[in-house]
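The next block holds one structure in the form of structure tokens; read it before the comments.
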Amino acid sequence: MKIRSAEFILSASSPWQFPAPTLPEIAFAGRSNVGKSTLINSLLNRKKLVKTSSTPGKTQLINFFKINDAFHFVDLPGYGFAKVPENVRQQWQRLIEAYLQERECLRNVVLIVDSRHGPTAQDRQLKEWLDYYERPVLIVASKIDKLKRGQIQKHLKQIRQDLSLEKTPLAHSSLEKGRREDIWKNLVPSIEAEI
Ligand SMILES: Nc1nc2c(ncn2[C@@H]2O[C@H](COP(=O)(O)OP(=O)(O)OP(=O)(O)O)[C@@H](O)[C@H]2O)c(=O)[nH]1
Ligand SMILES: [Mg+2]
């Protein structure tokens, strides 16, 4: 995918702040610190368009980005971060669910799972929830540079089994450029008719 432009549009803390649903959207979901914002930067070939952090819970709002004036990337707040107070956690969950359930221009959800640890109970729940609402999901295993080469396939197979996937999930490492096109190839058909 050739990226001609990528710009931040807005951060939303409640659904009324979402931008008008005029462009197709791809959302990135997963637990806190799993590498959502890093994957977005990597796909867009930008180092710092989206803020990343080694402190979990960095992305607390839904952040919208406009790509090539044709579609949106949506960075969702991470879940499963233990240090968040219960009322804040519930507020995030409501916000994420409202987005995923009601957003009419949402075309694909990229669910990112840590390749080392595999899916958490919350990852499995979200996958089942998205299947129930018939939202197309692409699973990406992140941080594969942290695995020994010989271990990668084994971990990917385990994720496939844990989430009952039809195919082996795609893998990503922010250190390896080569894997991005594969992810793009799987995302483009969901927005292609509209861009
Ligand atoms: N080695 C390695 N580190 C990565 C990779 N992807 C992300 N990281 C690191 O993991 C940490 C978290 O990455 P983020 O992209 O901020 O994670 P996030 O899912 O957006 O986190 P929240 O916004 O808190 O939900 C950062 O320190 C990143 O540099 C990867 O592929 N390889
Ligand atoms: Mg983030």
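The values are calculated or read from the model by the stated rules, or taken from the named source; none is laboratory data. Not measured: the values here are computed from a predicted model. Here the Cβ is made from the backbone with ideal geometry for all residues, glycine too, and neighbour counts use every protein chain on show.
A compact table of results
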| read-out | value |
| --- | --- |
| Residues of the stretch 8-67 satisfying the condition of being more than 8 Å from ligand 1 (Cβ to nearest atom) and among the basic types (Lys, Arg) | 46, 47, 48, 66 |
| The one condition in (1) among the aliphatic types (A, V, I, L, M); (2) within 18 Å of residue 104 (Cα to Cα); (3) assigned to a loop (DSSP other than H, G, I, E, B) that residue 29 fails to fulfil | (3) |
| Subset of the stretch 81-107 that is touching an Asp or Glu at 6+ places or on another chain (Cβ under 8 Å) and not basic (Lys, Arg) - its residue that is farthest from residue 146 (Cα to Cα) | 105 |
| Residue match in the stretch 167-175 (condition: under 15 Å from the mean Cα position of the chain (by Cα) and among the charged types (D, E, K, R)) | no |
| The stretch 14-54, residues that are near ligand 2 (Cβ under 10 Å from one of its atoms), of a type outside the set (A, V, I, L, M, F, W, C) and over 12 Å from the mean Cα position of the chain (by Cα) | 51, 52, 53 |
| Whichever residue in the stretch 11-30 is out of contact with any Leu (no Cβ under 9 Å at 6 or more places or on another chain) and in contact (Cβ under 8 Å) with a residue 40 or more places away in the chain and, among such residues, is surrounded by the most Cβ atoms within 10 Å (Cβ to Cβ) | 23 |
| Of residues in the stretch 85-118 being at pLDDT below 95 and within 14 Å of ligand 2 (Cβ to nearest atom), the one nearest to residue 27 (Cα to Cα) | 96 |
| Check on residue 2, exposed (fewer than 13 other Cβ atoms within 10 Å of the Cβ) and more than 11 Å from ligand 1 (Cβ to nearest atom) | yes |
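Conditions (1) free of Cβ contacts under 8 Å to residues at least 40 places away in the same chain; (2) assigned to a strand (DSSP E or B), marked per residue:
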| position | (1), (2) |
| --- | --- |
| 107 | no, yes |
| 112 | no, yes |
| 116 | yes, no |
| 119 | no, no |
| 124 | yes, no |
| 145 | yes, no |
| 152 | yes, no |
| 173 | yes, no |
